[in-house]
Amino acid sequence: MTRLQRLAVSTFAVTVLLVAIGAFTRGSGSGFGCADRWPLCEDGLAGGFLPRPEFHMVVEWTHRLFANLAGLLLLVTAGTVWRRHRDDRVLRRLVVAGLVAFAAQALLGAAVVKTGLADRLVSVHLGLAMVVLALLAVITVETFFAGGSHPPVGDAADPSWRRWLAAGAAAVYTVILLGTAVHDRYVGGYPLVDDRLIPDLSDPTVALHLGHRVAVAVTALLLGWLAVQVVRRQRRRAEAALVHAALAAFVVNVLLGAAHVFTQVRSTGLVVAHLLVASLAWSGIIAAAALAHRADRRARRPEADARTTSATVEAPA
């Protein structure tokens, strides 16, 4: 791998780990481990730069440490793009978008702390984290084609396939958002909400859980259909592998969700595994969509070149 590819992969991997640490921070009740001081820890060592040897403070401090590490890696990745691949407009715009999204995520994290871990802000914080992760997944895909030294990843443009992948990504994102919304609002029963075929929808919490279960079912069917179509449409091997991996991760996550209900959302380990696997399913479908989009761009390029050549020939001298 090139230096840029290693940087992109490392940034993505550290950010996935950061999401997992964030889930552990929330699941273990350590989100206020450094009190409302940000980015330092209240009454910590070395003026707040280091934590005291207390569990919740160490967990929250570790979360912030990995956030800083991910941000630093993204900055180095962006710098490498601007120095060595400045002519690649797509990659250049992606790293700028990644930096903006990451900065917004950091500021939102500060707001979450300052507001005492308000539920709505925590959900928005996770939603934006998934946006950052998606951008990093696309950046990673693009780095493997930087410089134009690799073969095309698709044989022909297929806009309908790209739209279906976008729908799959939107469905997974919806499930993640609904999942974080129901995290602290336990309702028993699985697979039926409250063990009733038609639960009491006058209760907003029950209605939210039902919406989450319905979204999970619809998304599982959609990802299954995509896994079949990626073979029928004879998409490239990397794209098929990503779609199948996304489906597998989603199925595993459905089982983890069931375990969540049976343990009454008391297991921090399950909280971490549930969000980690969800992040992998999300990243997989996003990366597949990025490959499909790149294939369409390459397929359209000869047509654009042909139109340009034709116009040049027909233009009056």
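The values are calculated or read from the model by the stated rules, or taken from the named source; none is laboratory data. Nothing here was measured: the structure is a model prediction, and the numbers come from that model. Because the Cβ atoms are built from the backbone with ideal geometry, glycine has one as well, and the counts that use them run over all protein chains shown. Only protein heavy atoms, including side chains, enter the accessible area calculation; ligands, DNA and RNA are left aside. Shrake-Rupley method; radii C 1.70, N 1.55, O 1.52, S 1.80 Å.
Assorted remarks:
- Computed from phi, the 3J(HN,Hα) profile of segment 258-273 under the Karplus parametrisation 6.51, -1.76, 1.60 (θ = phi - 60°) reads 5, 4, 4, 5, 5, 9, 6, 6, 9, 9, 5, x, 5, 4, 5, 4 Hz, with x in place of Gly and Pro.
- Extreme residue, positive dipole direction of the chain, given options LEU270, HIS56, ALA246 (C-beta unit charges): ALA246
- Each Lys or Arg adds one and each Asp or Glu subtracts one; over the other residues with Cβ under 15 Å from the Cβ of LEU4, this totals +3.
- Across segment 134-145, coupling constants 3J(HN,Hα) worked out from phi with the 6.51/-1.76/1.60 Karplus curve, θ = phi - 60°, read 5, 4, 5, 5, 5, 4, 4, 4, 5, 5, 7, 10 Hz, and Gly and Pro carry x.
- Counted by Cβ distance under 14 Å from PHE49, the other residues give a net charge of 0, where Lys and Arg count +1 and Asp and Glu count -1.
- Among ALA170, ALA288, ALA46, the largest mean-square fluctuation in a Gaussian network model of the chain, built with springs joining Cα atoms closer than 10 Å, belongs to ALA46.
- Measuring nothing but protein heavy atoms, the accessible surface of segment 1-103 at 1.4 Å probe radius is 66 percent carbon and sulfur.
- Mean residue ellipticity at 222 nm, helices only, the chain: -26500 deg cm²/dmol; runs of at least 4 DSSP H residues each add -39,500 (n - 2.57), and the sum is divided by the number of residues.
- Within-11-Å neighbourhood charge of ALA35 [Cβ basis; K, R +1; D, E -1]: -2
- Positive dipole terminus of the chain, leading residue within CYS34, LEU291, TRP164 (C-beta point charges): LEU291
- Looking at the chain, the accessible area is 50 square angstrom per residue; that uses a 1.4 Å probe and ignores ligands, DNA and RNA.
- Rolling a 1.4 angstrom probe over segment 202-287 with all protein chains present gives an accessible area of which 70% lies on carbon and sulfur atoms.
- Three-way shape call for the chain based on the alpha-carbon gyration tensor, with the a/c threshold at 1.5: oblate
- Between LEU45 and LEU50, ARG52, the built amide H atoms are under 5 Å apart, and every one of these is 5 or more places off in sequence or on another chain.
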